[in-house]
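Shown next, in structure tokens, is the structure this report addresses.
The values are calculated or read from the model by the stated rules, or taken from the named source; none is laboratory data. Bear in mind the structure is a predicted one, so any value in this text is a computation, not a measurement. Glycine gets a Cβ as well: all are built from the backbone with ideal geometry, and neighbour counts include every protein chain shown.
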Amino acid sequence: MAIVSSAAAGLEAASKATILQLRDPAATVRRLESEAQALVGSSPVPVVVDSRCDVALASGAAGINLPERDISVAAARALLGDKLVGRSVHTLEAALEAEHDGADFVIFGPVWSTPTHGGSEPAGVAALSRVARALHIPVLAVGGVTTQRIAECLEAGAAGYAAIRLFQ
């Protein structure tokens, strides 16, 4: 999953990713919706929107990824129906809760230290492995993922990975 902040960045990353997540916390809702519409309309891979169910619906996105502090998976599911609902998590307990509440996937991390989550203590590969082996839904590793670390994520049981810098 390539995490991108614009339609242009998403289209650049689409050839190297199986799914795109549009995430720009600094954008106005109107700008985010405009970028989402442009990206959904031209992306060869599915697009999920970070945090905004309204934008996901308005743009025709494949779904949403919810930060851990966001609305519940159940509330998002009620709004989005059969669309994808993912949850970013930092602990095994939060991952299990997301699965129990109906998430289609979780993004777990940060696995390694990363400037994107400055101040967050890296969870490590062992924690990723515990989460991946405990869940029955796909777990994507995030945080400090590099081309050299992809194999380690997959060996730990992750279904894949999510990254910002890797796709830039």
What residue, among those in segment 87-138 that are in contact (Cβ under 8 Å) with a residue 12 or more places away in the chain, out of contact with any Ser or Thr (no Cβ under 7 Å at 6 or more places or on another chain) and charged (D, E, K, R), is surrounded by the fewest Cβ atoms within 10 Å (Cβ to Cβ)?
-> Arg133
Since Tyr161 meets every condition but one in (1) surrounded by 15 or more Cβ atoms within 10 Å (Cβ to Cβ); (2) not in a strand (DSSP E or B), which condition does it not meet?
-> (2)
Does Ile64 satisfy the criteria of being at pLDDT 95 or above, under 28 Å from Gly157 (Cβ atoms), out of contact with any Phe, Trp or Tyr (no Cβ under 9 Å at 6 or more places or on another chain) and crowded, with 19+ Cβ neighbours inside 10 Å?
-> yes
Restricting attention to segment 97-119, report how many residues are within 26 Å of Ala151 (Cβ to Cβ) and modelled with pLDDT of 95 or more.
-> 12
In segment 16-53, which residue that is within 29 Å of Ile150 (Cα to Cα) and acidic (Asp, Glu) is surrounded by the fewest Cβ atoms within 10 Å (Cβ to Cβ)?
-> Asp24
